[in-house]
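The values are calculated or read from the model by the stated rules, or taken from the named source; none is laboratory data. Everything numeric here is computed off the predicted structure, so don't read it as measured data. Heavy atoms of the whole protein, side chains included, go into the accessibility calculation; ligands, DNA and RNA do not. Shrake-Rupley method; radii C 1.70, N 1.55, O 1.52, S 1.80 Å.
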Amino acid sequence: MSVPADLFEAALEARRRAYAPYSHFQVGAAVRDRGGAITIGCNVENASYGLCCCAERVALFDMVAAARKEPVEICVVADVSGVVSPCGACRQVIYELARDAVIWLCNTHGESRQVLAADLLPFPFTLNDPPAPDRP
Ligand code: THU
């Protein structure tokens, strides 16, 4: 099985929108939900480097903001040899927001590798029963 063409094209289109003037490393992501809607994200960098946000998180946060639920498939693409590998922060966010999704890690030539959130982040941090926040 290889990455579905429509999801890959959406991620490639997202990648073209990347704002990466510092690293010059453009990344695109596309998330398909159970209803079939596709939400995309690109990496967005900042002169204050620590504020850079990866394509995966931009896409997943936009999915939440758009009130889309149940992501079933994610595609991430970058111009790399082999396939792109999400950073640790994105692995944590993918685990929380897209735990059951199939994740396609790709390069711009269409090579892909299929993984699951649990493959990317074994022994994840979770709060199943978070305490009520302290309020003054
Ligand atoms: N980046 C992503 O957007 N996704 C990844 O999976 C790896 C890294 C971005 C962050 C930064 O803008 C640039 O790539 C270089 O690290």
Inset, instruction - Would you mind giving the average projected area, over all directions, of the Cα convex hull of the chain in nm² with one decimal? - result: 9.9 nm²
Legend entry - Between helix 88-97 and the chain: long-axis angle, C-alpha atoms, 0 to 90°, nearest 10: 70 degrees
Legend entry - Tilt relative to the chain, helix 5-16 - C-alpha long axis, 0 to 90 degrees, to 10: 90 degrees
Inset, instruction - Could you pull the accessible area for residue 121 with a 1.4 Å probe, rounded to 10 Å²? - result: 30 Å²
Inset, instruction - State, as an integer percentage, the relative contact order of region 1-132 based on alpha-carbon contacts under 8 Å between residues 6 or more apart. - result: 22 percent
Inset, instruction - Please identify, among 18, 47, 55, the residue showing maximal mean-square fluctuation in a Gaussian network model of the chain using a 10 angstrom Cα cutoff. - result: 47
Legend entry - Carbon/sulfur fraction of accessible area - region 5-120, other protein chains in place, 1.4 Å, %: 51 percent
Inset, instruction - Report, in degrees rounded to the nearest 10, the 0 to 90 angle that the Cα long axis of helix 55-65 makes with the longest principal axis of the chain. - result: 50 degrees
Inset, instruction - Would you mind working out the accessible area per residue for the chain, using a 1.4 Å probe, and quoting it in Å²? - result: 57 Å²
